[in-house]
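Novice: Provided herewith is a single structure, encoded as structure tokens, for subsequent inquiry.
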Amino acid sequence: MLASLIAGLASGETALAIRRARVAAIAYVLAGMAGICGLGFLLGAFFMWLARRLGPIEAALWIGGGFIVVAVAILVIHRVVAGARARQAAERRKSDMAAVGIAAALAVLPGLLRSRAGIGALVVPALAVIGYAIYRENTRPKPDPGSTEQ
């Protein structure tokens with residue numbers, strides 16, 4: 001892969017690719033500017049049509065209100081999507097950290113199992129976790145006998 005990259009640099013292919021990308025970027029910018037101008041004229045024509053039907057002030061109010069509704073809708077949608085992405089990122093970080101912790105524990109495990117002190121270092125926390133689980137199981141509130149929930 002590195003050899004093909006070096007060969008591409010040596011043969012001038014990279015310069016041609018950069019030139020093509022530059023020409024494409026210029027074409028897209030010009031097309032975008034023409035599209036924006038077209039939308040501006042369409043908006044002006046819509047205003048004139050609406051002004052003939054409703055009057056100029058009412059037309060301006062309707063078009064302005066429409067743009068405000070669109071802006072609010074965009075912000076609400078962005079907020080919802082950003083919140084969902086943040087939750088996904090938090091869950092991904094949580095699972096990644098769990099995977100790193102498991103990998104670290106598995107990497108340390110053979111060294112700990114070689115000595116008695118290492119086995120003790122594994123048994124004591126394991127017993128503590130089991131004891132805590134038993135404690136939690138036995139201290140849960142009992143369901144109300146009069147309720148219908150199980």
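Novice: Go through the residues of the stretch 115-123 one by one and say whether even a single one is exposed (fewer than 10 other Cβ atoms within 10 Å of the Cβ), without any contact (Cβ under 8 Å) to a residue 40 or more places away in the chain, among the aliphatic types (A, V, I, L, M) and not assigned by TED's automatic domain parsing to the domain that holds residue 43. Steps first, answer last, please.
Specialist: Just the residues of the stretch 115-123 that are exposed (fewer than 10 other Cβ atoms within 10 Å of the Cβ), to begin with: 116-117.
Filter again for without any contact (Cβ under 8 Å) to a residue 40 or more places away in the chain, leaving 116-117.
So of that shortlist, the ones also among the aliphatic types (A, V, I, L, M) come out as 117.
From what's left, not assigned by TED's automatic domain parsing to the domain that holds residue 43: 117.
So far as the stretch 115-123 goes, yes, one or more of its residues are exposed (fewer than 10 other Cβ atoms within 10 Å of the Cβ), without any contact (Cβ under 8 Å) to a residue 40 or more places away in the chain, among the aliphatic types (A, V, I, L, M) and not assigned by TED's automatic domain parsing to the domain that holds residue 43.
Novice: Residues of the stretch 14-59 being under 30 Å from residue 4 (Cα atoms) and surrounded by 11 or more Cβ atoms within 10 Å (Cβ to Cβ), which ones?
Specialist: Of everything in the stretch 14-59, those that are under 30 Å from residue 4 (Cα atoms) and surrounded by 11 or more Cβ atoms within 10 Å (Cβ to Cβ) turn out to be 14, 15, 16, 17.
The values are calculated or read from the model by the stated rules, or taken from the named source; none is laboratory data. Since the structure is predicted, the reported quantities are computational estimates derived from the model, not experimental observations. Note: ideal-geometry Cβ built from the backbone for every residue, glycine included; neighbour counts use all protein chains shown.
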